Number of protein chains: 2
Amino acid sequence: MNKEKISPHTVVIFGATGDLAKKKLIPSLYRLYSQGVIDEFPIICVGRKRMSDEAYLKFLDIGKYDKDRKKLKKFVKHLRYIDVDLNKSMCFELAEIVQVFDKKCGCAGNKIFYLALPYFLFGKTIGLIKNCGLLNGRGSKKIAFEKPFGSDLKSAEILHKQIGRFFREEDIYRVDHYLGKELVENIVALRFANSLFEHLWNTDSIDNVQITLAEDIGIENRGGYYDKSGAIRDMVQNHILQLIALVGMEPPKSLNADDIRNEKVKVLKNLRSVRKKDLVIGQYVKDPDSIGYRNEKNVDKKSITESFVAFKTYINNSRWRGVPFYVRTGKRMNKKYSEINIVLKDVTCGIFQRERAKHANVISIRTNPKESVDFLFNAKIPFTRNELKEAVMEFCHKCEFGPNTPEAYETLFHQLLQGNQGLFTRWDEVKASWRFVDNMKRMIKNKRIKLLPYRANSEGPNESFSLLRRDGRNWKNIKRRFAL
Amino acid sequence: MNKEKISPHTVVIFGATGDLAKKKLIPSLYRLYSQGVIDEFPIICVGRKRMSDEAYLKFLDIGKYDKDRKKLKKFVKHLRYIDVDLNKSMCFELAEIVQVFDKKCGCAGNKIFYLALPYFLFGKTIGLIKNCGLLNGRGSKKIAFEKPFGSDLKSAEILHKQIGRFFREEDIYRVDHYLGKELVENIVALRFANSLFEHLWNTDSIDNVQITLAEDIGIENRGGYYDKSGAIRDMVQNHILQLIALVGMEPPKSLNADDIRNEKVKVLKNLRSVRKKDLVIGQYVKDPDSIGYRNEKNVDKKSITESFVAFKTYINNSRWRGVPFYVRTGKRMNKKYSEINIVLKDVTCGIFQRERAKHANVISIRTNPKESVDFLFNAKIPFTRNELKEAVMEFCHKCEFGPNTPEAYETLFHQLLQGNQGLFTRWDEVKASWRFVDNMKRMIKNKRIKLLPYRANSEGPNESFSLLRRDGRNWKNIKRRFAL
């Protein structure tokens, strides 16, 4: 942990009664505080519901944060809940509280606004921030937006304009919490600080790239949002395209945020639009243990929203010429795991060619369930001369760095407070991502791509397997030993 | 375990009262028998001492082989001890026993002679075998020689001629037990069944290769032999040159024994003679826990025999142009371990260049203390943006294949019985190895290379570190987590 102290900021969280604030945002701020990275910064929690500070703390279940009561008490002293009706743009109280705490804590006007809200409330909230005078005076004014940033390119562009009236791009932090995950952040180091990887990271050595983000849960309480969004908007537009960008990008000029984002956006712009035959969408139907998608709360009984998507795309440049990127993501799958598998071409001399047990070499970066970087290779079975078996070299992240890998949101707050935009998506990245996703959505509609049912708690529609089989390939399934 | 049965052979072991027979040969044969690979083959143990079968079984401590008394009894039924005076070439009894057992077990004349003897007894023993008529009749007649095969090129050539009078090259098995080690055998599979390794196995990717065979023991009861031999003859001529050959060879045409040996011998012939400045020899002196080399039993009090050697050499071909092979091996070092470290060149784009913590990537093949294949790389330290730490991807052989990795001698007997010469050194390999070693020995004498004292239980003379430091390099020291 980098113990460098960060100068005080007033943190204003909008959407403070939501799940995200409760489960991720406030706990992450507490961990930063508890580790001495931040002092007792004022945290102003804004929600719609009327609630006392005591009730809010109870809602947060703050007693469970720490056994050190003294420490906890100090933290709570600067935490306030305040209810605001966005429709009324009335905010004397908010303005006053912020001002009082700013002075008390010596924040010198430095403020962070964190909008843990659906995108259609972004505009109103910015209006409120402006109208309350929270942007006045000296000090930095940074603003963070939870994903999704819009629901398509058009809505994103409208948002962008609204935000641009009050904030400069360098003060805007578009959150994609995947970028805060340690192993995702690590991709840059893996690729560019290791000659082994640098060497083979191209079409000469790589046969294909496979990205799987599988969730075993359904849509839980998010039916209202999810049924409008679907897997493509919810997962592809942000997490998956960001992973493709990190895996695919050219070496950046430096590790500066903008040098990295310059390279990432080039990948996003170079992505080939998905073709009809390379796209599979699905929706889960009930199995003995779970209800089907259409019976979830707040979901249309005739919904045609996809809860699963698999596709193939290519990056149109010389490094990746002819290397397919296969992607799949879905809800209510048989297990929860996220991994990127870099499958190598077989360029061996062929003396082991006839061995049926010979597997492709795979470099596997996993963020879930346990973080690891692994290498699947072929080893000789003892006491045989030529018989091969797949074997795995494993790097268990937790084993090396201890169990206290920071949560994504902890890392993101840390970067946000330091003013480092590297782990946040820039406007041109968002734009390119929506363009890719809009194309996909348009094709589904125009070409009437069939929504395939898949059994809940399964591996998704069989067609996601055919997608690879057609090319003579398979989804890789790597069994670890240590980081189970 | 390949359970294919092997047709019966009479195994005749010369030097049966030696350490090797007791600790390795007979136990390995028992394991093969116990696993059903061989039936109760007749094992005729030949020694100089007079001893009853009972006394010999006691010497073997055979009771400890197995709890299954019935199984053990069956094995012992076909095991005989017989004393023979090589100087007398008298062998009626030996001939008779072999004949009786051959008939009893249906060996059909198939015989294996295993000479666990010093090389200067090889000639006499072959004479005896011939004179006793053991080479007469139908059936295969294979002969195995323990290393060393001679003490220099000249003596090896004399031996070769003597043996050649009675045996064909395809029946001669020159043992180098290192080749029976599972991970050493595995080098061929690693290199030629994995595109990742195949890709980078050359001067474009590899900066240098480091081979360490360190022993923590002294010379024990082998003073008489060792003081005449020294580390160069005892370790370099066989184990180390074989490792260099396996690591360095071009892809063989096939996995056949001779195709592999054709490639290995090319490497041995292409090895650059070691230069004066690239050679370090040492001899251990006492430390509080151990006596010095010159005080070991059966060692000359003024001995100038080296118990440690380190050197640098090159393979003169285009694959290895400019890639140094650094080697070190010694007795009474601070720990016992054997590993081959393939150190990669830094070809990264340089954005992490300034990080002091950045390490070279290393592929490490270890045979001792635990067998493993590991990859040392750079990972990002959590909660930092650019700070690197060395990390290790580990493949623990035992974890994957279970603790029952065959002992080297088990594998060697298995191959010997199957008539597969792949794990044994061919005459031209032996010749090329002695030529390399003779050059080294000659230079030591002619150029008066200084014998450096090193403290027992240390890492050897400091000069072995300077050997690399001079080139801006260091001996790699890789810390494992799982296969400790």
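At an R0 of 60 angstrom, the distance between the Cβ atoms of B:Asp471 and A:Asp85 translates into a FRET efficiency of 0.25. Starting from the label point of A:Asn474 at 7 Å along Cα→Cβ, the same points in the other copies fall at 4.3 nm, in ascending order. Within the stretch A:330-429, the trypsin sites (Lys or Arg not before Pro) that combine a DSSP coil assignment with at most 12 other C-beta atoms in a 10 angstrom radius are A:Lys335, A:Lys336, A:Arg354, A:Arg356.
Placing unit charges on each Cβ (+1 for Lys and Arg, -1 for Asp and Glu) gives the protein assembly as shown a dipole about its Cα centre, and among B:Asn186, B:Asn256, A:Asn368 the Cα reaching farthest toward its positive end belongs to B:Asn256.
At a Cα cut-off below 23 Å, give the lysines reachable from B:Lys74, other chains included and same-chain residues fewer than 8 away excluded. Hits, sequence-local ones excluded: B:Lys3, B:Lys5, B:Lys22, B:Lys23, B:Lys24, B:Lys58, B:Lys64, B:Lys103, B:Lys104, B:Lys111.
When only Cα pairs below 8 angstrom with a gap of at least 6 residues are kept, chain B shows a relative contact order of 17 percent.
Under the criterion of Cα pairs below 8 Å and six or more residues apart, the relative contact order for the stretch B:84-219 equals 20 percent. Each residue, B:Lys297 and A:Lys49, gets one label point 7 Å from its Cα in the Cβ direction; the gap between the two is 8.3 nm. Per-residue ellipticity at 222 nm computed for chain B from its helices equals -9000 deg cm²/dmol, with DSSP H segments shorter than 4 residues left out and the rest contributing -39,500 (n - 2.57). Placing one identical point scatterer on every Cα of chain A and ignoring solvent, what is log10 I(q)/I(0) from the Debye formula at q = 0.06, 0.10, 0.14 Å⁻¹? Per q value, in the given order, log10 I(q)/I(0) is -0.30, -0.82, -1.48. Computed over all pairs of different Cα atoms, the Kirkwood value for the hydrodynamic radius of the stretch A:132-285 is 18.4 Å. Here the Karplus relation 6.51 cos²θ - 1.76 cosθ + 1.60, evaluated at θ = phi - 60°, turns the backbone of the stretch B:231-248 into coupling constants of 4, 5, 6, 6, 10, 6, 4, 10, 3, 5, 5, 5, 5, 4, 5, 5, 6, x Hz, with x for every Gly and Pro.
Neighbouring Cβ atoms from other chains, within 10 Å of the Cβ of residues in B:366-378, number 3 on average. Considering the rotation that superimposes chain B on chain A, the residue of B whose beta-carbon lies nearest the axis, and that distance in Å, is B:Met393, 2.
Shielding of peptide B:341-350 by partners, expressed as the average count of other chain Cβ atoms within 10 Å per residue Cβ, is 4. Think of chain B as having a plus end and a minus end, set by charges on the Cβ of Lys, Arg, Asp and Glu; of B:Ala156, B:Ile449, B:Cys349, B:Ile449 sits farthest toward the positive end of this dipole. Taking the square roots of five times each eigenvalue of the Cα gyration tensor of the stretch A:56-198, the equivalent ellipsoid has semi-axes of 30, 25, 16 Å, listed largest first. Bridgeable lysines around B:Lys88 (alpha carbons under 18 Å apart, same-chain partners fewer than 8 residues away excluded): B:Lys49, B:Lys124, B:Lys130. Volume per residue for the stretch A:245-369 equals 207 cubic angstrom (convex hull of Cα atoms).
Plainly put, the tip 7 Å out from Cα toward Cβ on A:Met90 is 12.3 nm from that tip on each other copy, the closest given first. Mean per-residue shielding of peptide A:395-403 is 4, counting Cβ atoms of other chains within 10 Å of each Cβ. Rounded to the nearest 20 debye, the dipole size of the stretch B:393-444 about its Cα centre is 400 debye, using +1 on the Cβ of Lys and Arg and -1 on the Cβ of Asp and Glu. Taking label positions 7 Å along the Cα-Cβ direction at both B:Lys336 and B:Glu250, the computed distance is 4.0 nm, reported to one decimal.
Cβ-Cβ distance of B:Ala95 and B:Lys447, R₀ of 56 Å, FRET efficiency by 1/(1 + (r/R0)^6): the value works out to about 0.60. With a simple spin-label model that places each label point 7 Å from the Cα along the Cα-to-Cβ direction, the separation between B:Lys73 and B:Asn462 comes to 6.6 nm. Taking θ as phi - 60° and the Karplus parameters 6.51, -1.76 and 1.60, the scalar couplings of the stretch B:11-23 work out to 9, 10, 9, 9, x, 6, 9, x, 4, 4, 4, 5, 7 Hz in sequence order, x denoting glycine and proline. Mean projected area of the convex hull spanned by the Cα atoms of the protein assembly as shown, taken over all viewing directions: 46.4 nm². Between identical copies, the spacing of B:Glu40 label points, each set 7 Å from Cα toward the C-beta atom, reads 8.6 nm from nearest to farthest.
Only beta bridges with both residues in the protein assembly as shown are counted; by DSSP, about 55 percent of them are antiparallel. Calculated FRET efficiency, A:Asn136 to A:Ser273, Cβ-Cβ distance, R0 = 60 Å: about 0.85 to the nearest 0.05.
Of all DSSP beta bridges confined to the stretch A:214-345, the antiparallel ones make up roughly 95%. Only the Cβ atoms of Lys and Arg (+1) and of Asp and Glu (-1) were treated as charged; on that basis the dipole of chain A about its Cα centre amounts to roughly 1040 debye. By DSSP, the beta bridges lying fully in chain B are antiparallel in about 55 percent of cases.
This model, with +1 at the C-beta of Lys and Arg and -1 at the C-beta of Asp and Glu, gives the stretch B:103-209 a dipole about its Cα centre of some 1140 debye.
Each reported figure results from applying straightforward, stated rules to the coordinates on display, with no laboratory input. From a predicted model like this one, the values you see are computed outputs, not experimental measurements. Using ideal geometry, Cβ is built from the backbone for each residue, glycine included, and neighbour counts are taken over all protein chains shown.
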